[in-house]
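Reviewing the structure listed below.
The values are calculated or read from the model by the stated rules, or taken from the named source; none is laboratory data. Keep in mind it's a predicted model, so treat the numbers as computed, not measured. All Cβ positions, glycine included, derive from the backbone under ideal geometry; neighbour counts span all protein chains shown. Ligands, DNA and RNA are excluded from the accessible area calculation, which covers all protein heavy atoms including side chains. Shrake-Rupley method; radii C 1.70, N 1.55, O 1.52, S 1.80 Å.
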Amino acid sequence: QVQLVESGGGVVQPGGSLRLSCTASGTIFKFNNMGWYRQPPGKQRELVAAITQDGNIDYADSVKGRFTISTGDMKNMVYLQTNSLKPEDTAVYYCSANQFGVDYWGKGTLVTVSS
C-alpha cells in the first residue's frame, strides 16, 4: 500500500504564491507518474499538472506559465509551485501517484485565493 499526504495549502491573496508538497510512503518501487489534481467548489476534479518517470510534464491550460510541478531527489515527493494565484484557483488540491497500474490519492489540501 502507498499513502500520500499533501501539505502547504492555505489562504492567499490574488497574485500570491503557495508551494504544495506531497509525500509518499509505504511500499514504493517506482511510480509511473505523479501529479496534482484539484476540485473547485461544486465542480468536478480536474488535472492540474503531471510528471512521468521519464520527466515528461503536462499542465492544464489554465495554469501554464503560473504553476510548476517537480519531484524530490528520492522520487517519493512531488511539489507544485503555484504563482500568480487567481480566485478561480480556489480548490482542494489532491496528490496522485500511479504504481503498477494502481492510482493512489491523498486526502487533499485546501487552497483559497481571496482578498
Of all the residues that make up the stretch 1-53, how many are touching a Gly at 6+ places or on another chain (Cβ under 8 Å) and under 11 Å from residue 89 (Cα atoms)? 2
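Among the residues of the stretch 96-115, write down those that are of a type in the set (Gly, Ala, Ser), open to solvent by 40 Å² or more (accessible area, probe 1.4 Å) and at pLDDT 95 or above. Quick ask: steps written out before the conclusion?
Of the residues in the stretch 96-115, the ones of a type in the set (Gly, Ala, Ser) are 96-97, 101, 106, 108, 114-115.
From what's left, open to solvent by 40 Å² or more (accessible area, probe 1.4 Å): 101, 114-115.
Result: 114, single match.
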When residues of the stretch 1-59 are filtered for being polar (S, T, N, Q) and free of Cβ contacts under 8 Å to residues at least 12 places away in the same chain, how many remain? 2
By residue number, the members of the stretch 1-32 that are open to solvent by less than 30 Å² (accessible area, probe 1.4 Å), closer than 16 Å to residue 102 by Cα, under 16 Å from the mean Cα position of the chain (by Cα) and not aromatic (Phe, Trp, Tyr) are 4, 24
If I filter the stretch 81-95 down to residues being open to solvent by 10 Å² or more (accessible area, probe 1.4 Å) and assigned to a strand (DSSP E or B), which single residue comes out as farthest from residue 15 (Cα to Cα)? 94
Taking the stretch 33-80, which residues are under 12 Å from residue 22 (Cα atoms), part of a loop (DSSP other than H, G, I, E, B) and open to solvent by less than 70 Å² (accessible area, probe 1.4 Å)? 72, 76
Could you list all residues from the stretch 3-54 that are within 22 Å of residue 115 (Cβ to Cβ) and either of a type in the set (Asp, Glu) or in contact with a Pro (Cβ under 7 Å, 6 or more places away or on another chain) (or both)? 14
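Give the residue, chosen from 21, 25, that is in a strand (DSSP E or B) and at pLDDT below 95.
Working: 21 fails: at pLDDT below 95.
Exactly one of 21, 25 is in a strand (DSSP E or B) and at pLDDT below 95, namely 25.
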